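The values are calculated or read from the model by the stated rules, or taken from the named source; none is laboratory data. Quantities reported herein were computed from a predicted structural model and do not represent experimental measurements. Cβ placement follows ideal geometry from the backbone for every residue including glycine, while neighbour counts extend to all protein chains displayed. Each accessible area value is taken on the protein alone, full model and side chains, heavy atoms only, with ligands, DNA and RNA left out. Shrake-Rupley method; radii C 1.70, N 1.55, O 1.52, S 1.80 Å.
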Amino acid sequence: MVLGAIINAAAILVGGSVGLLFKGRVSEKISVTTTRAIGLCVCIIGISGALDGDIMLLVVSLMFGALIGEFIDIDARLKTLGLFLQKKLAYSDSKPVFAEGFVTATLLFCVGAMAVVGSIEAGLRDDYSIIVTKSIIDATAAMVFASTLGFGVLFSAFAVLIYQGIIEFFAGFLQGVLTAELITQISAVGGLMILALGVNMVVGPRIKVANLLPGLLFAVVYYFFLLNAF
C-alpha cells in the first residue's frame, strides 16, 4: 500500500484544479509579475536546501550530471511527453505552457528531502506527518502554478505517485541505504536544481533543469566512494 503517495498526488490534483479556476481571469501583466515573485520564493527554497551540501560534491555531481543529461536530453524527452499528453487530451491553450507546467511542477514536487524522508516514514512506520505537511505545501504550490502554467501542472501528480510510491513500497530496503547524511547531500544537489527552476521562472526558461537530474545519482556515487570513504 502506498497511501502516502496517494495522499500527496491527490493534494496536487485538488490544489491544481483550484488554480485552474483562476487561470485566464487575471491580466497577463499580473500573471507575469506573480510568476516572477513565485520564482524568487522558489530560489530561496533552493538556496536553503543547497547550503547544507558538500561544495565539491555539488560541483562534481552537477557537472557530470549535466554532461549525461545533455547527452540523453532528458529535458526534451519530458517536454515531448508533455506535448504528447496535451495532444491526447486535445487540450489547447493560447500559449504552449502545458509541457512547461508539467516539467516544472514535476521537478519541484519530486526533488527534495521531504519526498524521500516522508515516503520512507510512511512505508516503514505508517507515519504520514511529513507527507501530510508536504501535501499541504504541494497543494498550495500546485494551485499557484496551475493558475499561471495551466493544466500540465496536474499531471505532475502522477509523477509524484510513481516516484514516491516506489520509495514508500521499498522503504524497508532503502532505509539502510538512504542515511540522513546521504539524504542531506542529495537534497543539496536537488536544492540547486530548484534554484535553477526559480531562475527560469524569473528570467525565462534558459536552464534545462531536467538535464541536471543525473546529478542526483552522481551525488550518491560521490558520497559512497569519496566523501564517506575518508
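Scan the range 154-175 for residues that are modelled with pLDDT of 85 or more, open to solvent by 60 Å² or more (accessible area, probe 1.4 Å) and more than 12 Å from E121 (Cα to Cα) and the total you get is 5.
Looking across the range 189-230, the residues that are among the small types (G, A, S) and within 15 Å of the chain's Cα centre (by Cα) come down to G190, G191, A196, G198, A210, G215.
For A10, the requirement of being surrounded by fewer than 14 Cβ atoms within 10 Å (Cβ to Cβ) and among the aliphatic types (A, V, I, L, M) is not met.
Within the range 176-212, being under 13 Å from A50 (Cα atoms), in contact with a Cys (Cβ under 9 Å, 6 or more places away or on another chain) and open to solvent by 30 Å² or more (accessible area, probe 1.4 Å) holds for one residue alone: L195. Filtered by the rule that a residue be crowded, with 17+ Cβ neighbours inside 10 Å and among the hydrophobic types (A, V, I, L, M, F, W, C), the range 69-82 gives I74, L78. Just to be sure before I move on: is G46 among the small types (G, A, S), modelled with pLDDT under 90 and either surrounded by 15 or more Cβ atoms within 10 Å (Cβ to Cβ) or under 20 Å from V209 (Cα atoms) (or both) in the structure I sent? So G46 passes the test. Checked against the criteria, L124 does not count as within 26 Å of G215 (Cα to Cα) and assigned to a helix (DSSP H, G or I). Can you find a residue that is open to solvent by 70 Å² or more (accessible area, probe 1.4 Å), more than 28 Å from T184 (Cα to Cα) and in a helix (DSSP H, G or I) anywhere in the range 13-26? Within the range 13-26, one or more residues are open to solvent by 70 Å² or more (accessible area, probe 1.4 Å), more than 28 Å from T184 (Cα to Cα) and in a helix (DSSP H, G or I).
Report yes if some residue within the range 94-103 is surrounded by fewer than 17 Cβ atoms within 10 Å (Cβ to Cβ), in contact with a Phe, Trp or Tyr (Cβ under 8 Å, 6 or more places away or on another chain), modelled with pLDDT under 85 and not hydrophobic (A, V, I, L, M, F, W, C); otherwise report no. No - not one qualifying residue is present in the range 94-103. Any idea which residue in the range 32-43 is nearest to the chain's Cα centre (by Cα), counting only those that are at pLDDT below 85 and buried (at least 16 other Cβ atoms within 10 Å of the Cβ)? Ranking the qualifying residues of the range 32-43, first place goes to V42. Modelled with pLDDT under 85 and of a type in the set (D, E, K, R): does that describe K134? No: the conditions fail for K134. Take the residues in the range 171-212 that are part of a loop (DSSP other than H, G, I, E, B) and touching a residue at least 40 places away in the same chain (Cβ under 8 Å), then tell me which one is farthest from A115 (Cα to Cα). Among them, the one singled out is P205. The listed residues are G123, G215, G118, and the only one of them that is surrounded by 19 or more Cβ atoms within 10 Å (Cβ to Cβ), in contact (Cβ under 8 Å) with a residue 12 or more places away in the chain and touching a Ser or Thr at 6+ places or on another chain (Cβ under 7 Å) turns out to be G215. Pairing residues of the range 27-38 that are β-branched (V, I, T) with residues that are in a helix (DSSP H, G or I) and open to solvent by less than 90 Å² (accessible area, probe 1.4 Å), at Cβ distances under 7 Å and at least 6 apart in sequence or on separate chains, gives T34/T148; T35/T148; T35/M201; I38/V144; I38/M201.
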